[in-house]
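Report on the following structure.
The values are calculated or read from the model by the stated rules, or taken from the named source; none is laboratory data. Note that this is a predicted model, so its numbers are computed, not measured. Cβ: placed from backbone, ideal geometry, glycine included. Neighbour counts: every protein chain shown. All accessible areas refer to the heavy atoms of the entire protein, side chains included, with ligands and DNA or RNA removed. Shrake-Rupley method; radii C 1.70, N 1.55, O 1.52, S 1.80 Å.
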Amino acid sequence: MKCSGRNAVSGEPIEVEFDATIKCVDPVLGWSGDDGVFLAPGFIDIQVNGFAGVDFLAASADDYVRAGEALLQTGVTAYQPTFITAAEATLLEALRIVPAAPAGPHIVGAHVEGPFLSAERLGTHPNEYRRDPDLELLDRILDVGRVTAMTVAPELPGASALIQRLLERGIVVSAGHTNATAEQAHHAFDLGVSTVTHLFNAMRPFRSRDPGIIGVALTRGDVFVQLIVDGHHLADETVRLVWAAAGGRVALVSDATAGAGLGGGSYQLGDVAIEVADGVPMREDGVLAGTVLTMIDAVRNFHALGIAFEDAIGAATEVPARIIGRPDLGVLEPGGAADIVVLDDRLDIVNVLSAGEARVVA
């Protein structure tokens, strides 16, 4: 099969030949097609807690099918279901349920966000399930399911050994929900922590003489930073500042919860009851509790702040693929997965191909 359009990253007219994977990508000379059609790699959401009424921490196999189909409608062709801090039994059962070969988008593995987080920076995570680093608990978590990423507060006692164990087992370690100082952040990144979960949110604030983990992440070229660009978690100027300091190292994440794709109402985020009103999920005490953001809207929002179209696409595709170590995803290259989002010049989704199969037709 073939499809053609302008490459969303390079702007060049291309024709892509594929089955389940991309066979070849050829330039089209004397292009006479619709200049407003763009081909982008499928979006990769490496932090999504739920979608379309499904909270992944309590999801069944059928729930994953339902959420996956809804995610495809928003351009997501690969994702990491993300589990917030929960009781050990709840977390282990959630990991057992994650489908190995879902019918919808690729599930690259689970992102476990906790329980080894700072008590001072929990955000909406339940304090009763937070734990200091514990290698035996970590091994129980890793042994039961396909974990590909874990968020850790690197300043906690015993965190260095925990990080080393995670890296030995091939897990991406992200710093987040952390009160780490700059010195502690440098130590973590030197150990091999490679990214930061939702930069600026639920972490030590940046100050002139106390830059903390934010200042270190923005100034180290070996660290990827993840951003929630929903218009609520970050000011516009903050997003522009991050891009000015870390352009090319920014990954967009949705941090979506069960209300994403549905609108207002009452939902669950693990054990936390949340209410979505005016597009903002909150706990009953007014603490932000994830988002109802979609990845296509994250791309639109990022681009609307002055980030070039190709860079906004890269932040939803190539950069998250680099974070999770999946060179077959997030690119339009021979050998890559035939996951393609077809966009018009208004950034509306025209079609989505997942493993070469058309799943969305406008």
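What area, in nm² and to one decimal, does the C-alpha convex hull of the range 212-279 cast on average over all directions?
Across all orientations, the range 212-279 yields a mean hull projection of 5.8 nm².
What do you get for the angle between helix 295-304 and the principal long axis of the chain? Use alpha-carbon atoms, 0 to 90 degrees, nearest ten.
80 degrees
Find out how many positive minus negative residues lie around LEU29, taking Lys and Arg as positive, Asp and Glu as negative, among other residues whose Cβ is under 12 Å from that of LEU29.
With Lys, Arg at +1 and Asp, Glu at -1, the neighbours total -3.
Per DSSP helix of 4 or more residues, -39500 (n - 2.57); summed, then divided by the residues of the chain. What does that give at 222 nm, rounded to the nearest 500? Each step should come with its number before you reach the end.
Details: 10 runs with 96 residues, N = 362.
The helix-only estimate for the chain comes to -7500 deg cm²/dmol at 222 nm.
Please calculate how many Å² of accessible area the range 31-71 carries per residue, with a 1.4 Å probe and no DNA, RNA or ligand atoms counted. Kindly include the intermediate steps, with their values, before the conclusion.
Values: 1240 Å² over 41 residues.
Dividing the accessible area of the range 31-71 by its residue count gives 30 Å².
Measuring with a 1.4 Å probe in the full set of protein chains, what accessible area per residue, in whole Å², belongs to the range 320-362?
43 Å²
Of all DSSP beta bridges located in the chain, what percent are antiparallel, nearest 5?
Among the beta bridges of the chain, antiparallel pairing accounts for roughly 55 percent.
If you roll a 1.4 angstrom probe over the protein chains with everything in place, what fraction of the accessible area of the chain belongs to carbon and sulfur, to the nearest %? Could the numbers behind the result be given before it?
Working: 6890 of 13900 Å².
Here carbon and sulfur together make up 50 percent of the probe-accessible area.
So who's got an amide H within less than 5 Å of the one on THR197, skipping anything under 5 residues away but keeping other chains? H placed 1.01 Å off N, in plane.
Result for THR197 returns ALA175, GLY176.
Cβ neighbours within 10 Å, averaged per peptide: list 71-84, 53-66 in order, most packed at the top. Walk me through the numbers before you get to the answer.
Values: 71-84: 27.2, 53-66: 18.8.
Top to bottom by mean Cβ count within 10 Å: 71-84, 53-66.
Of all beta bridges DSSP finds with both residues in the range 31-167, what is the antiparallel percent, to the nearest 5?
Numbers: 2 of 15 bridges.
Percentage antiparallel, nearest 5: 15.
Write down the percent of antiparallel bridges among all DSSP beta bridges whose residues are both part of the range 251-362, to the nearest 5.
Numbers: 18 of 19 bridges.
Given both bridge residues lie in the range 251-362, the antiparallel proportion sits at roughly 95 percent.
Would you mind checking the tilt of helix 61-73 against the longest principal axis of the Cα atoms of the chain, expressed as 0 to 90 degrees and rounded to 10?
That helix lies at roughly 50 degrees to the long axis.
Read phi for every residue in the range 3-13 and hand back ³J(HN,Hα) as whole Hz from Karplus 6.51 cos²θ - 1.76 cosθ + 1.60, θ = phi - 60°, with x for Gly and Pro.
Taking θ as phi minus 60°, the curve returns 8, 9, x, 8, 4, 5, 8, 9, x, 7, x Hz for the range 3-13.
Give the dimensionless ratio obtained when the Cα radius of gyration of the chain is divided by 2.2 N^0.38 Å. Could the numbers behind the result be given before it?
Working: Rg = 19.6 Å, N = 362, 2.2 N^0.38 = 20.6 Å.
Taking the Cα Rg and dividing by 2.2 N^0.38 Å, one obtains 0.95.
Could you quote the convex hull projected area for the range 264-362, Cα atoms only and averaged over all directions, in nm²?
Working: hull surface 34.5 nm².
Mean orientational projected area (the range 264-362, Cα hull): 8.6 nm².
Under a 1.4 Å probe, what is the accessible area of the range 183-315 per residue, stated in Å²?
On the way: 5300 Å² over 133 residues.
Per-residue accessible area for the range 183-315 comes out at 40 Å².
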